[in-house]
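Have a look at the structure below before the remarks.
The values are calculated or read from the model by the stated rules, or taken from the named source; none is laboratory data. No experiment lies behind these values; they were computed from the predicted model shown. Using ideal geometry, Cβ is built from the backbone for each residue, glycine included, and neighbour counts are taken over all protein chains shown. Heads up: the accessible areas ignore ligands, DNA and RNA and are worked out on the full protein's heavy atoms, side chains in. Shrake-Rupley method; radii C 1.70, N 1.55, O 1.52, S 1.80 Å.
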Amino acid sequence: MGGLVARSASLAADQPGASAVRMTTRLRELIKRPGIIAAPGIYDPISARIAESLGFEVLDLPGSALGYSGIMEPNLCLEDMAEATRRITSVVNIPVVVDVGAGFGEPAHMKRTVRLLENAGASGIHLEDQFYPKRFHYHVGQEHTIPAEEMLAKIRYAVEARRDPDFVIVGRTDAFRTVSFAEGVRRSNLLLDAGADMIMPSHVTTGEQVKQLPHEIHGPLNWTHSAGRPGEAPVFSLKELESFGGAKGGGFKLINYVAGPIFAAYKAIHEELAYLKNNGSPAMSYSTFAPIEKDIQEVCGLPKYVEIENATTEKG
C-alpha cells in the first residue's frame, strides 16, 4: 500500500472546489469518452477511498458486497443502500454507481428509490429484472426473473423519477440465465428503448456469447467481471473486452469488479483474528502495521485535518 501515501495527497474529496463538476455529469463524460472503465466493487468509505487514491475513476457499490459485510444481500432494504451510499459519496469525489437490485418494489416504488439514491449522492443505479423481495437462492445459482413488460415499466418510471437528467440508469437483465441468450438480447434492447442509459447483461455463460453482446445490444454495456466460477463466462481482460468492438455508442464500457475487495478484506481479517485466537497475540508487529497505519491516515485525510487545526484550534 506504499503508493497510497503519494497519491492520497491529491485526493479530490479533500481539495477546495473539488465538487465543482457534478458527479453525474462526470460519469456521463466518462461513458462518452473513448476507452473502457474499470469500476471496483467497494462497500464502505475506506474501500472507496483506497480505490480513489489508486486512480480509479468510477466506483460500483454492489448489493452482494454490502450484504457480505454481515447480513446477505436479500436482507438489505432501500435505506441500507441509501445510507451506505451517503457514507461513501461523502468521502470521495468520483462517481459511484449503486446496485438497487430489483428497485425495492414495483413500478410505483421507483420514484422513491431513484430520489433517495440521487439525494444520497449516487451518480447512477443498476436495476435488475429479478423478483422482489430478492431470494436467497440467487446466491446458490437458482434465479427467477419477472416478465419483460414489468421490467420495462420499472425502467420507464425510474427514468421519469430522476431530477438530474445526467443521473445514469443501467438496466440489468438476468434472462440470459433464466430463459435464453436470445431473450436476454431482446430484453436488453427493449430496456434501451424504454430509456435505460446502459445495459448490464448478467450471467452470460460462454466466451462466444460475450463476444456477440456488443454487436447485438445497441447501447453501451456495463459488464460484471466474471470471477471464473463454474457455469460463468471466461475471465476477459479490459483490453480483450474492448477489442470485441461494437456498434457506435455501444460496446463494453463500464466493467464492475464485484468480489475482489470484500473477499480480500474478509481473508485478511479472518487470518489476523485466527492468529490472535490461536496465539494470544496479534500477528502484526509494530514494524509491520506502522506503515499501514500511516497509509490509512493519509487516505482518510488526516494531514489536512491537522493542517486545519494548526491554523485554528492548535495555533500557537
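Observations, loosely collected:
- Across the chain, the mean sequence separation of Cα contacts (distance under 8 Å, 6 or more residues apart), normalised by length, yields a relative contact order of 19 percent.
- In terms of accessible area, using a 1.4 Å probe and ignoring ligands and nucleic acids, E29, E52, E149 rank largest first as E149, E29, E52.
- Estimated FRET transfer efficiency when R0 is 35 angstrom, pair F131-K277 (beta carbons, to 0.05): 0.30
- Placing one equal scatterer on every Cα of segment 168-239 and applying the Debye formula, the log10 ratio I(q)/I(0) at q = 0.14, 0.18, 0.22, 0.28 Å⁻¹ is -0.38, -0.63, -0.93, -1.40.
- When H144, H215 are compared by accessible area at a 1.4 angstrom probe, the order from most to least is H215, H144.
- Residue list for segment 133-164, given a label point 7 angstrom along the Cα-to-Cβ vector of V179 and an amide N cut-off under 14 Å: 144-153
- Sequence of K304, K294, K134 when ordered by accessible area, the most exposed leading, probe 1.4 angstrom: K294, K304, K134
- Counting only aspartates and glutamates at least 8 places from K248 when in the same chain, those with an alpha carbon closer than 19 Å to its own are E29, D193, D197, E216, E240.
- Segment 114-163: C-alpha gyration tensor shape, a/c 1.5 cut-off, then a/b vs b/c: oblate
- Helix axis angle, 78-89 relative to the chain longest principal axis, alpha carbon, degrees: 50 degrees
- Cα shape, segment 246-315, gyration tensor, a/c 1.5 rule: oblate
- Principal-axis tilt of helix 260-279 within the chain, Cα atoms, nearest 10 degrees: 50 degrees
- Estimated [θ] at 222 nm from DSSP helical runs (n ≥ 4, -39500 (n - 2.57)) normalised by residues in the chain, nearest 500: -13500 deg cm²/dmol
- Above-threshold pairs, the threshold being 30 Å between Cα atoms, out of K154/K253; K32/K154; K111/K267; K134/K277; K253/K294: K111/K267; K134/K277; K253/K294
- The modelled label-to-label distance for the pair F244/E83, using points 7 Å beyond Cα in the direction of Cβ, is 3.8 nm.
- Taking 0.36 nm per residue of separation and subtracting the Cα-Cα distance, full extension of the segment from E150 to E208 would add 17.9 nm.
- Stretch gain in nm, segment D193-K294, where the contour uses 0.36 nm per residue and the Cα spacing is subtracted: 31.4 nm
- With the simple spin-label model, which puts each label point 7 Å out from Cα in the Cβ direction, the T25 to S90 separation comes to 2.5 nm.
- Principal-axis analysis of the Cα atoms of the chain puts helix 148-161 at an angle of about 50° to the longest axis.
- The orientation-averaged projection of the convex hull spanning the C-alpha atoms of the chain amounts to 18.5 square nanometres.
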